[in-house]
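Asks: Shown below is the structure under consideration.
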Amino acid sequence: MSDQAHDGARRKFLGTAAAAAALAAAPGVFFWQGVARARGTDGASSEVRWGMLIDTTQCAKGCDACVRACNEEHGITSTGRPTTDAQWIRKLDVRDPATGHAHSLPMMCQHCEQPPCVDVCPTGASFKRADGIVLVDKHICIGCRYCMMACPYHARSFIHEPLQDQLPHAPRGKGTVESCTMCVHRVDEGRVPACKEACQEAGYGAIVFGNLHDPESEIAQRLAKEGGTKVRADLRLNQGVRYRGLT
Amino acid sequence: MKSWITKIVIGVLAAGVVLATATAQSRVTLPELPPAAGEECVEPTDVMRRDHPKFLLHIRDETVHGGIRGARHSLVECIDCHVQPVGGNEPPRYSDPQHFCASCHVFTGVRVDCFQCHADRPARATYFHKLSGHRHHMGDGTLSAAELKLLAEQGESHE
Ligand code: SF4
Ligand code: SF4
């Protein structure tokens, strides 16, 4: 985290320097380039890799607090046609037929380090931020849905119909693909994703969120101690979302 | 994408000419811009009229790809200030010619697709508060002395 703060400070300095240079060179003309950065906000840094550990031993069958929180956070509502409704996170109940051992778990975009959705996107709309969060830039997305085909986790949704009354922090619209953003708008403010918060409030605390690159973080410590499974690890995507208790 | 921007910029420039001509001759009904909540825009009116697409495009990529937030020229801030409830009703939508953006875009015949995805009205809780209460304008109280000075200098550079 201190690295991130450092990076933020550096950006602040660079922004200030750029603004000063712009003023000196041509006041008024390039003025706005400086202003856009004058507030010195932190950006995504590769010093950080955001991830989640989902402890399926704590996740309750029948609880969908995370799903409801996600829908509310991003203004996702049902069209009444569930087969085409957007779904950023879903609850799965899985059972090993051999042993009868059952789990309940939330499944969403796994924020792959080697994301197939990004590989196949013909426009560059699917991309991975420096901090490992995989997003769709809807300004560029042409709605071809290649990424939906490529994603091994069925994590992405296509918006088929015009939307209105979207939330200011969650732009969404017809003709583009979307998926879990790891609540990037919250993370950039130093908050935790809505699903994690809701799971905590529901009393299960099955979702741990944090910086995989920080050995002091709770997620890194728990992964070091308890281990974590990557779903379909054979695909070697090195996901940011890990599960505990799957085996 | 480039040609789209060029069209908008040309459109806005053309609008400027039309506006100027119209004012001189008063033959055309000018758009009526609804009042904003704040005292002052982030830039002088002539700069905003000409450059608002540039401001928005510039920070768009920084925000989406770089995660750099809190810029002065954000679409959310434009909407928060310029789209206000009318006579105790909900604020207008972009499809309504009373909407701040629509009022001018309809006049100039420049169609934008921003609001297919972006909220065309402030979040419900926002329009019951004055702009000065908004977190981006207030900052989080951590602006350094150097930043304040910089902002003050930049403010002066327009005079
Ligand atoms: S889980 Fe799917 S949508 Fe998410 S990064 Fe991996 S391939 Fe892309
Ligand atoms: S639907 Fe959009 S994000 Fe997905 S591959 Fe096509 S252009 Fe890229």
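Asks: Determine if the stretch A:176-184 includes at least one residue that is open to solvent by less than 20 Å² (accessible area, probe 1.4 Å), more than 22 Å from A:Arg49 (Cα to Cα) and out of contact with any Leu (no Cβ under 8 Å at 6 or more places or on another chain).
Replies: Yes.
Asks: Working only within the stretch A:89-112, note down all residues that are surrounded by fewer than 17 Cβ atoms within 10 Å (Cβ to Cβ) and assigned to a loop (DSSP other than H, G, I, E, B).
Replies: Selection gives A:Asp96, A:Pro97, A:Ala98, A:Thr99, A:Gly100, A:His101.
Asks: Within the stretch A:127-145, which residues are within 17 Å of the chain's Cα centre (by Cα), in a loop (DSSP other than H, G, I, E, B), within 15 Å of ligand 2 (Cβ to nearest atom) and not acidic (Asp, Glu)?
Replies: Residues satisfying the conditions are A:Arg129, A:Ile133, A:Lys138.
Asks: Would you be able to tell me the number of residues in the stretch A:227-247 that are more than 17 Å from the chain's Cα centre (by Cα) and either free of Cβ contacts under 8 Å to residues at least 60 places away in the same chain or under 10 Å from A:Ile54 (Cβ atoms) (or both)?
Replies: Within the stretch A:227-247, residues that are more than 17 Å from the chain's Cα centre (by Cα) and either free of Cβ contacts under 8 Å to residues at least 60 places away in the same chain or under 10 Å from A:Ile54 (Cβ atoms) (or both) number 9.
Asks: While we're on this one: Could you tell me which residue of the stretch A:148-170 is nearest to the other protein chains (Cβ to nearest Cβ), considering only residues that are in contact with a Ser or Thr (Cβ under 7 Å, 6 or more places away or on another chain) and more than 14 Å from ligand 1 (Cβ to nearest atom)?
Replies: A:Ile159
Asks: Hey, another quick one. Quick one: how many residues across the stretch A:179-208 are away from chain B (no Cβ under 14 Å) and of a type outside the set (A, V, I, L, M, F, W, C)?
Replies: Total meeting the criteria: 9.
Asks: Starting from the stretch B:51-68, take each residue that is over 13 Å from A:Lys138 (Cβ atoms) and list its partners that are β-branched (Val, Ile, Thr) and open to solvent by less than 30 Å² (accessible area, probe 1.4 Å), counting only C-beta distances under 6 angstrom and pairs at least six apart or across chains.
Replies: Pairs found: B:Pro53/B:Ile8; B:Glu62/B:Ile68.
Asks: Continuing with the same structure: Would you tally the residues in the stretch B:99-112 being more than 15 Å from the chain's Cα centre (by Cα) and open to solvent by 50 Å² or more (accessible area, probe 1.4 Å)?
Replies: 4
Asks: In addition: Going by the structure shown, is A:Ala130 open to solvent by less than 10 Å² (accessible area, probe 1.4 Å) and either at negative phi or not hydrophobic (A, V, I, L, M, F, W, C) (or both)?
Replies: On the way: open to solvent by less than 10 Å² (accessible area, probe 1.4 Å): no; either at negative phi or not hydrophobic (A, V, I, L, M, F, W, C) (or both): yes.
No.
Asks: In the stretch A:147-187, which residues are within 16 Å of ligand 2 (Cβ to nearest atom) and either hydrophobic (A, V, I, L, M, F, W, C) or assigned to a helix (DSSP H, G or I) (or both)?
Replies: Within the stretch A:147-187, A:Cys147, A:Met148, A:Met149, A:Ala150, A:Cys151, A:Ala155, A:Phe158, A:Ile159, A:Val177, A:Cys180, A:Val184 meet the criteria.
Asks: For residues in the stretch A:88-118 being more than 16 Å from ligand 2 (Cβ to nearest atom), over 18 Å from A:Arg242 (Cβ atoms) and touching a residue at least 24 places away in the same chain (Cβ under 8 Å), which is farthest from the chain's Cα centre (by Cα)?
Replies: A:Ala102
Asks: Here are A:Gly124, A:Gly205: which of them is more than 13 Å from ligand 1 (Cβ to nearest atom), closer than 22 Å to A:Cys66 by Cβ, open to solvent by less than 60 Å² (accessible area, probe 1.4 Å) and part of a loop (DSSP other than H, G, I, E, B)?
Replies: A:Gly205
Asks: Give the residues of the stretch A:136-147 that are touching a helix residue (DSSP H, G or I) at 6+ places or on another chain (Cβ under 8 Å) and more than 10 Å from chain B (Cβ to nearest Cβ), sorted by residue number.
Replies: Scanning the stretch A:136-147 gives A:Tyr146, A:Cys147.
Asks: Another question about this same structure. Of the conditions (1) part of a helix (DSSP H, G or I); (2) polar (S, T, N, Q); (3) in contact (Cβ under 8 Å) with a residue 40 or more places away in the chain, A:Asn71 fails just one. Which one is it?
Replies: That leaves (3) as the condition not met.
Asks: Quick check on A:Thr229: is it within 14 Å of another protein chain (Cβ to nearest Cβ) and within 16 Å of ligand 1 (Cβ to nearest atom)? Step through it out loud before you land on a result.
Replies: Values: within 14 Å of another protein chain (Cβ to nearest Cβ): no; within 16 Å of ligand 1 (Cβ to nearest atom): yes.
No, not satisfied.
The values are calculated or read from the model by the stated rules, or taken from the named source; none is laboratory data. Note that the structure is a prediction, hence the values are computed from the model and not measured. When we count neighbours, we look across all protein chains shown, and the Cβ atoms used for this are built from the backbone with ideal geometry, even at glycine. These accessible areas exclude ligands, DNA and RNA; they are computed on the full protein's heavy atoms, side chains included. Shrake-Rupley method; radii C 1.70, N 1.55, O 1.52, S 1.80 Å.
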